[in-house]
1. Please pull out the direction-averaged projected area of segment 66-115, using the convex hull of its alpha-carbon atoms, in nm² to one decimal place.
2. Roughly how many nanometres apart are two label points built 7 Å out from the Cα toward the Cβ at ALA224 and THR62?
Amino acid sequence: MGQIRHGSATTTHAVRAAIQRSQASLAALSEEFGINPKTVAKWRKRQSVEDQKTGPKEPRSTVLSETDEAMIVAFRRHTLLPLDDCLYALQASIPYLTRSALHRCLQRHGISRLPDIEGDKAKRQRFKRYPIGFFHLDIAEVQTAEGKLYLFVAIDRTSKFAVTQLVEKADRKTAWEFLEHLLSIIPYRIHTILTDNGIQFADQPRNRNTAWSRPMRFDMICEAHGIEHRLTKPNHPWTNGQVERMNRTIKEATVKRFHYDSHEQLRTHLNDFMAAYNFGRRLNAEISQKGCTSG
């Protein structure tokens, strides 16, 4: 295969090799090959005839800081979520993050393709028991032919029982309405709820405990039911990874697999899927319990 030269190249591999072998002066070689003496000097010093990479030696984003990139890499490795899901989850912490900037960041760090990520197999951690009633809560974005919807998801850390609700807006009102929906469905006491720092669930850190802070309906409902509302550590969205994985499970079973002509079509299928998911977990638990107690 012949040499493929970049657009600005004035020499071939053969010319470069001849320059490196020759004992002639720079001026003589410049006249012989019809090139600038500086080009002759450059190739005489080189040990190879191959072009060197152009551009910065350590490519960096013009939009993202090193802290931003570290957060993105950690989130991707912890959650293994697809590009668009990572984008939606991370924009709460990095509001200026775009899809293209996220993709380039993942490429720079060699994790743009999920199967290539090292550590796909999670390391086994020491078992830690949590009492039932600790819920992780999050919001995801989904699409039908009618447009965009927002998916509220809550999952119990221990029982894995999950509750969902589709809404047209993801704001403070729909957040506390989903909390009331969750409380009306769960047959046992909820003692803790973990959310991110999105405006649907909390004041921005700079406004907390100041003259601008105000009580939120979400927190008032939690307090009325004796629920501790915890927030993930700022810039550490992967600490709510359990519900992020549930989001991925739901999307892979619905919007990533099927096209929906209407919001109602998606709602119906989502309700069917969640009923099957929760019933399946309960059935497996009952079978396991019978297997352990039978004589």
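Each reported figure results from applying straightforward, stated rules to the coordinates on display, with no laboratory input. Just so we're clear, the structure is a prediction, and the values are computed from it rather than from any experiment. Cβ atoms come from the backbone with ideal geometry, glycine included; neighbour counts cover every protein chain shown.
1. On the way: hull surface 12.1 nm².
Average projection, Cα convex hull of segment 66-115: 3.0 nm².
2. 5.2
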